[in-house]
1. Can you pull out the residues in the stretch 49-104 that are farther than 23 Å from residue 7 by Cβ and charged (D, E, K, R)?
2. List every residue pair whose Cβ atoms lie under 9 Å apart, where the two residues are 6 or more positions apart in sequence or sit on different chains, the first residue falls within the stretch 4-27 and is assigned to a loop (DSSP other than H, G, I, E, B), and the second residue, located anywhere, is among the acidic types (Asp, Glu).
3. Scan the stretch 69-85 for residues that are more than 15 Å from residue 14 (Cα to Cα) and not hydroxyl-bearing (Ser, Thr, Tyr) and jot them down.
4. Could you say whether any residue in the stretch 5-27 is among the acidic types (Asp, Glu) and at pLDDT below 95?
5. Considering only residues that are more than 20 Å from the chain's Cα centre (by Cα), assigned to a helix (DSSP H, G or I) and surrounded by fewer than 14 Cβ atoms within 10 Å (Cβ to Cβ), which ones fall in the stretch 41-54?
6. Looking only at the stretch 1-22, count every residue that is of a type outside the set (D, E, K, R), within 20 Å of the chain's Cα centre (by Cα) and surrounded by 10 or more Cβ atoms within 10 Å (Cβ to Cβ) and tell me the total.
7. Where the second residue is modelled with pLDDT under 95 and surrounded by 11 or more Cβ atoms within 10 Å (Cβ to Cβ) and the first is among the hydrophobic types (A, V, I, L, M, F, W, C) and lies in the stretch 44-62, which pairs have Cβ atoms under 7 Å and are six or more apart or on separate chains?
8. Of 27, 38, which residue is in contact with a Leu (Cβ under 6 Å, 6 or more places away or on another chain), surrounded by 14 or more Cβ atoms within 10 Å (Cβ to Cβ) and within 14 Å of residue 74 (Cα to Cα)?
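The values are calculated or read from the model by the stated rules, or taken from the named source; none is laboratory data. What you see is a predicted model, and the numbers here were worked out from it, not measured in a lab. Cβ: placed from backbone, ideal geometry, glycine included. Neighbour counts: every protein chain shown.
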Amino acid sequence: MTDTWDTVDRLCAWIAAHHDLPPQQDVLLRVLKLSEEVGEVAQAVIGVTGQNPRKGTTHTWQDVEAELCDVIITAMVALRTLTPEAAEVFAGHVRRVAERSLER
């Protein structure tokens, strides 16, 4: 997981190098970006199931997988933007969720 968080750090630096937003606005926009990405997951699921009669089947389950990965990456970048200890915060949260869910 360290390599993943190193990549997230590099993505955050790359994004930061392409704009000069105030820190609070940067965090806000990165969190809002999650809504966009989740919408793309919904669009892909609708497309793979052909639920839009006007468009028919427009996506594959691999498209849904890719969009879900985009949501995860976007969330990781948002968390890293919020705190430099993103990896530790995430690991601690996963541990707490596992404790309350799996150890019953």
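1. 54, 55, 96, 99, 100, 103, 104
2. If the second residue must be among the acidic types (Asp, Glu), the pairs left are 19/26.
3. At the first step, the residues of the stretch 69-85 found to be more than 15 Å from residue 14 (Cα to Cα) are 69-72, 75, 79, 82-85.
Once the filter is applied, which keeps residues that are more than 15 Å from residue 14 (Cα to Cα) and not hydroxyl-bearing (Ser, Thr, Tyr), the stretch 69-85 yields 69, 70, 71, 72, 75, 79, 82, 84, 85.
4. yes
5. Result: 49, single match.
6. 10
7. Between residues of the stretch 44-62 that are among the hydrophobic types (A, V, I, L, M, F, W, C) and residues that are modelled with pLDDT under 95 and surrounded by 11 or more Cβ atoms within 10 Å (Cβ to Cβ), the close pairs are 46/52.
8. 27 is the lone residue from the list that is in contact with a Leu (Cβ under 6 Å, 6 or more places away or on another chain), surrounded by 14 or more Cβ atoms within 10 Å (Cβ to Cβ) and within 14 Å of residue 74 (Cα to Cα).
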